[in-house]
Every structure is written in C-alpha cells, then in structure tokens.
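Down below is the structure, laid out as structure tokens.
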Amino acid sequence: MKRIGTIFLVFTLIIATGMIGSISALGAGEDFNWRQFEGTTIVINFPVHLAHNKWIELIPEFEEKTGIKVEIDQIYYMRMHDKQLLELGKPVGDYDVIVIVGPLWKTEYVTAGYLTPLEPFIEDPQLTFPEYDFDDFIDAYVDVQGKVCLDCKGTDIYLGGGPDTETYIYAVPASSETSIFAYRKDLFEKYNLEVPDTWDEVAELAKFFYENVPGVYGLTMRGEVGHQAGAAWLNFADPFGAKIFDENWEPAFTSEESIEVLYFIKEMVKYGPPGIPGFSVGAADNAFLQGQAALYFDHSRIAGLVRDPEQSKVVGKVGYAITPKKKNRLAETGGFGVAIAANSQNKEAAWLFITWMTSKEVEKRLAKAGVQLTDRLSILMDPELQEMFAEYKVIAQQEPDPNWRPAIAEFSLIETQYFGVAVNQVMTGEKSPEEAMQSIVEPIRKIMEEGGYYD
C-alpha cells in the first residue's frame, strides 16, 4: 500500500497545492452491510486514556448501527501488557480487540503469534466500507504502531522490510502522538523571551525561570525509575543523535551523544520542578498543567490536556514549537494502535469495530471535541481543526522518526530493569552518566546475546 512518507513532506506538499481531503459520511457506500455480524459480542481491552475514554462514550452508536454488543475491559496502560499476554497466550482468550502501545509491544506480540495480520481485512470490500481510506493514515504512525517483518533482521524487524519481505500490518494507529515542545507563551511575552531554536537555548531558559520567576521552574520531564526514566532519555536522544544500539545491536548508550543527553537531563532536573526523579508521565504533565513548569517536551496530547479547564491552570497561555535542534530536529512517534487478537473467535466483527473507531468521521468528531487525534492526514491537515488547535500546524511540520525506540521483544525488560534504572540513578545523583551507562553494558548485552542478536 502506498502512503505518504513523512508528515513534514505532506505538510509542504499540501500547503503548496492546497489539496485537502474531504471527510465522507461514515459507510456512505450503499452496498456495505454494517449489520452482517448482528448478534455477535466482542470484548475490547482499552487503556484509561483521554482519547479512548471518548471513544468508549460513542460505542452505543456503534452497537445501534451494527447490532454488535461491545464489552469493555479498561486498564491503566502500564498494567495492560501483562493482562494482554495472559489472554493472548490462551487457546481462546477473552479479548477480541486490544489497544497496544505499538513501539513497546508489537514485535513481542507478533513474533509470539498473538496478533492477526490486517491486510486481508483492509483489502476486503465486504469487511471495509468504501470510505475508510487506509492510505489516509500517516505513514510514520503505521510503521511505528503496526508494521512487523517476520523474515527480517536488525531494525527492519519493526520498521518493515520492503515489498519482497514478509512484512504485515498488525495494528491501526489509534491515538498516535509525536513529541512536541510547549512553552508558557504568557511568560515569554512578559519577560520578552524568544522561543528556543536549540537545546542550548532551552537550557538557558530553564535556568532563567528557575532563578527569576517565583514559583515557576524550567523544563518538566518524566523520571520515575524504569520505563518512565527510559522514556525521558529517549525523548531527547533523537535530536541529540543518540541511540540505544548500533547497527549491529551492540550497546551504544555509552557514546558521546548518549552521555551528553544524560548531562542535559541532569541539568534539567536541577532547574525543573521538584521531584522529577519520581515523576510518571502524568506527574510530569501535571507540573506543566498546574503552572509549575514553563517548558515541556514530551507527547503531543499535552495540548488537549492544556485546553481542559478541569485539569489545567494554563488554558490559553501555552504556545507550541517544533523540536529544538542539537544534531537534528527528529521527533519520536509513539502512542497507541488497535489490533485483533489472533485467538479471537470474532475477527470479522472485531475489524468492523476497528474501522468504525478509526474512521475519518469518528476521529474528526473526537478531534473537534478537543481530543488530540492526528493519526490521519485528513484530520491533521483539516483547515477547521488547524484553526481551532494551534498544535496541529506544528505537528505537521515535525520530522517523525519511527526508529527512535528499538521496538524489539526484549526492550521492555531492558528498559524497566536496566536502562531506566540507570537513567534514574543519574537523575538522583547516585551515579555519574558514565558510571551509570557502563554498569549496564554487560547485562544488556547478555540479554541480546540470549535473544540471538549476535552471530
């Protein structure tokens, strides 16, 4: 299937030509049978998450339209993995549809045989309504959420190996995100500050707010030991040019670029809101939402939280900018995908639900309601949405990198037990960047060796 290569390229093309896709009515094709699986019951595993909460609110409409009954098991996303593995490993599990953290879990699940390839469903006109338009999904998000190559090696395993390889799509983007830089626009105006173009300028601004603005600190970030601290490092690694592994799967986190990331993080902890080494993503977000931090660099769905007066004290006070530059401006691609369990007994009905859930009409409805959804090009480039939400134009200019995280089966263990522990030790001052990284080379290399990554 042919898709646009990068969001940035698409943004440039569309601005130049003025071509914007229209939003079609859901299931407008007269011959499509929405009630072909009437009477079926499907079970869906959703995360506790703003976008998915809103999708759940609309499910009665799907049930009325199709006659399919939907049961929901909703779990905090960091607890979903173990529950999903339990169900996916059974001959017949409880779940038909699962929402996955694509960059973390897809390769593990696919290599274990736990997910269903989706191309047969996408290409079947009896199962996919005419206006669904899978090619409208942004290529980088399809890559990071759903592509796995079963006969590939190296990074091609999780990026797709091209037309002559056994590469399939196993998940549809469903609340994807990219990293975005956010800042307190009101404070920048008050103190006559320039929006930073480089990470050196970000460091100077962090120090300025810490020293000069009472009650306001510099940059907020994740830091909790394990996955969250690992994610903090990864947020900055791309623009700094750092990687976890080299092209031969040898640990690369002792490199000059990696150490530079850690010294930057250490400085940001110094000038950031108190408690960063214990911050989950929610705590890091909350420091910005409550006005304690003037700077933010993490997931793009922060924009939707900023607009929510029940969660945010900075409504109308925030601006957005593309990734500041160190060696480049690459931005991570993350978030969620939605997949069909291989042991589901109701795969066709499950796919019908996925097409409804990720359709242009439903996603635009949620986007207009303030849920940050940019999985589809037509949504991201919609003039009405760009006028309503300032972050859409910024996201369209980002340079997304599907290879920012090594999406291999072993990475969850590496991040939670070793890498994310070492990064947290740097944040707390327990170890220097050099000591922390060197201490985990051998145990991580052993994991990779046992996984068969070395000849």
Only one residue in Val315, Val394, Val371, Val338 is surrounded by fewer than 24 Cβ atoms within 10 Å (Cβ to Cβ) and under 25 Å from Met80 (Cβ atoms). Which one? Val371
Quick one: which of Glu435, Glu442, Glu415 is farther than 28 Å from Leu150 by Cα and modelled with pLDDT of 95 or more? Glu435
For the subset of region 95-112 comprising residues that are at pLDDT below 95 and among the charged types (D, E, K, R), which member is farthest from the chain's Cα centre (by Cα)? Glu108
Condition (residue is assigned by TED's automatic domain parsing to the domain that holds Met78 and surrounded by fewer than 18 Cβ atoms within 10 Å (Cβ to Cβ)) applied to region 177-200: is it met by at least one residue? no
Any idea which of Ile122, Ile100, Ile157, Ile138 is β-branched (Val, Ile, Thr) and touching an Asp or Glu at 6+ places or on another chain (Cβ under 8 Å)? Ile138
Identify all residues within region 171-194 that are in contact (Cβ under 8 Å) with a residue 12 or more places away in the chain and not in a strand (DSSP E or B); write none if there are none. Ala171, Lys185, Asp186, Leu187, Phe188, Tyr191, Leu193
Counting only helices (runs of 4 or more DSSP H) wholly inside region 55-130, the ones holding at least 2 residues that are over 19 Å from Lys147 (Cα atoms) and touching a residue at least 12 places away in the same chain (Cβ under 8 Å) are 77-88
Examine region 131-144 for a residue that is part of a loop (DSSP other than H, G, I, E, B), hydroxyl-bearing (Ser, Thr, Tyr) and exposed (fewer than 14 other Cβ atoms within 10 Å of the Cβ), and state whether such a residue exists. no
Can you name the residue in region 79-107 that is of a type outside the set (Ser, Thr, Tyr) and over 22 Å from Phe411 (Cβ atoms) and, of all such residues, is surrounded by the fewest Cβ atoms within 10 Å (Cβ to Cβ)? Pro91
In region 108-124, anything surrounded by 21 or more Cβ atoms within 10 Å (Cβ to Cβ) and out of contact with any helix residue (DSSP H, G or I) (no Cβ under 8 Å at 6 or more places or on another chain) is listed as Val110
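The values are calculated or read from the model by the stated rules, or taken from the named source; none is laboratory data. Worth saying up front: this structure is predicted, and the values here are computed from it rather than measured. Neighbour counts run over all protein chains shown; Cβ positions are idealised from the backbone, glycine included.
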